[in-house]
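The values are calculated or read from the model by the stated rules, or taken from the named source; none is laboratory data. Predicted model, so just to flag it, every value in this text is computed and none were measured. Note that each Cβ is placed from the backbone with ideal geometry, even for glycine, and that neighbours are counted across all protein chains shown. Side chains are part of the model used for accessible areas, which takes the heavy atoms of the whole protein and leaves out ligands, DNA and RNA. Shrake-Rupley method; radii C 1.70, N 1.55, O 1.52, S 1.80 Å.
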Amino acid sequence: GDGAPTGNYGYTNSGYSVYEEENERLTESLRTKVSAIKSLSIEIGTEVKNQNKMLSEMDNDFDSTGGLLGATMGRLRTLSRGSQTKLLCYMMLFSLFVFFVIYWIIKLR
């Protein structure tokens with residue numbers, strides 16, 4: 001014939017099988033690592049979705065709390081404006097009462 005060996009394409013059986021086994025082992029290792037990274041990426045995506053949902057709920061809660069706090073502060077401002085006038089009137093009435101009591105005590109002596 002031609003002088004070319006058939007079946008192993010010029011490689012010796014032992015050398016070719018060692019490289020082939022090494023490639024298969026590395027391929028399987030790579031496949032395992034890719035699978036682990038894929039499952040980890042899926043878990044990270046699920047966790048991110050859950051965290052985003054929780055953040056959205058917290059944002060809604062803070063918005064409603066902020067609205068409630070703003071309304072309460074508005075009522076407090078309204079009360080403080082009105083109560084200063086009432087407080088001033090009460091102080092004036094009390095001062096007049098004390099003045100008349102002292103005047104009456106002095107007049108009775």
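Numerical summary
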item	result
Which numbered condition Leu88 fails, given (1) at pLDDT 90 or above; (2) open to solvent by 100 Å² or more (accessible area, probe 1.4 Å)	(1)
Selection from segment 91-108 of residues that are surrounded by 10 or more Cβ atoms within 10 Å (Cβ to Cβ) and not small (Gly, Ala, Ser)	Met91, Met92, Leu93, Phe94, Leu96, Phe97, Val98, Phe99, Phe100, Val101, Ile102, Tyr103
